[in-house]
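The values are calculated or read from the model by the stated rules, or taken from the named source; none is laboratory data. Values in this document were obtained by computation on a predicted structure and should not be read as measured data. So basically every Cβ, Gly included, is an ideal-geometry build from the backbone, and we count neighbours across all protein chains shown.
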C-alpha cells in the first residue's frame, strides 16, 4: 500500500483525533456504527432475551414452593446471567478489535515511512 492510502484509511473521511479515539466514549462510538450494526443487533437481542428469561426464572423461583423447581429456576437464572456476562465480554472484544486494527494500520504506515527513509539514504 502507498503511504497516502494508509493515511486515508487511518484518518477516515473526517480529521483524525487520537484523543477522541483512545477514550472509552470513542471506542463505544466505533462499536455503534453502521458497519457493526449486525453485531450490535446480535448482542443486544440475545442480551434482552437472556435477561427476560433470567427475570422470568427469578419470579418463578420465588413463586414456587417445591425445592425441585426452585433448584431448576435457580440454575436457569444463573445460566442466563452467565450468558449475559459472556455477551458483554464478546462486545468488549469487538470494541477492542477496531482499535487493534487501527494500530496495525499505523504500524504499516510507520514501516512504509521507514522503508522510504532507508531507500533515500542509500
Worksheet item: Pairs under 6 Å by beta carbon, first residue within 13 Å of residue 97 (Cα to Cα) in region 26-37, partner part of a helix (DSSP H, G or I), six or more apart or different chains?
Response: 27/95; 30/98; 31/95
Practice prompt. Determine which member of the set 76, 111 is surrounded by fewer than 14 Cβ atoms within 10 Å (Cβ to Cβ) and either part of a helix (DSSP H, G or I) or under 25 Å from the mean Cα position of the chain (by Cα) (or both).
Written response: 111
Worksheet item: Picking from 53, 71, which residue would you name as being surrounded by 12 or more Cβ atoms within 10 Å (Cβ to Cβ) and at pLDDT 95 or above?
Response: 53
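Which residues, taken from region 16-50, are part of a loop (DSSP other than H, G, I, E, B) and either at pLDDT 90 or above or closer than 23 Å to residue 83 by Cα (or both)? Write out each step before concluding.
Here is the first cut: in region 16-50, the residues part of a loop (DSSP other than H, G, I, E, B) are 16-17, 23, 32-33.
Answer for region 16-50, where residues must be part of a loop (DSSP other than H, G, I, E, B) and either at pLDDT 90 or above or closer than 23 Å to residue 83 by Cα (or both): just 32.
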